[in-house]
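Everything below concerns the one structure shown next.
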Amino acid sequence: MKEEVEIEEIVHKGKRFAVDSNGFLLHIEDWSKEWVDYVREQEGIHNLTPGHEKIVAFIRKYYSKNKIAPMVRVLSKQTGFKLKDIYEMFPSGPGRGACRMAGLPKPHGCV
């Protein structure tokens, strides 16, 4: 049985985004600079660094190929960032912060 998703709408810098009750985009194709900026603000990230961009790009590419978010070990190994560094960049963690910023649906299991 499929879980029913509660839909909410966020408007940020003139763009509308449909999100689930956890704040994850419902349509990955709606991902944009404005979405990244919205999540950055929500995460309390003052400035995006090349590290943030590398992680988001890797997550999006991995998801595009595998239709699932990468596990934390894969994310760490493939990007070269230690887990501690990823949590410093994304205070709510790779599953909540980084995957949200990348426009993915809410990950299931351990990411």
(request) Just need a number here: residues in the stretch 35-60 that are buried (at least 19 other Cβ atoms within 10 Å of the Cβ) and at positive phi. (result) 0
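Considering only residues that are in a strand (DSSP E or B) and within 13 Å of the chain's Cα centre (by Cα), which ones fall in the stretch 1-57?
First, the residues of the stretch 1-57 that are in a strand (DSSP E or B): 8-12, 15-19, 25.
Answer for the stretch 1-57, where residues must be in a strand (DSSP E or B) and within 13 Å of the chain's Cα centre (by Cα): Val19, Leu25.
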(request) Could you check Val74 against (1) β-branched (Val, Ile, Thr); (2) crowded, with 19+ Cβ neighbours inside 10 Å; (3) out of contact with any Lys or Arg (no Cβ under 7 Å at 6 or more places or on another chain) and say which number it fails? (result) (2)
(request) Would you check which residues across the stretch 58-100 are free of Cβ contacts under 8 Å to residues at least 24 places away in the same chain, within 21 Å of Leu25 (Cα to Cα) and assigned to a loop (DSSP other than H, G, I, E, B) and list them? (result) Lys67
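Every read-out reported here was derived from the displayed coordinates using simple, explicitly stated rules and does not represent laboratory data. A quick note: this is a predicted structure, and the numbers were derived from the prediction, not measured. Don't worry about glycine lacking a Cβ; one is built from the backbone with ideal geometry, like all the others, and counts go over all protein chains shown.
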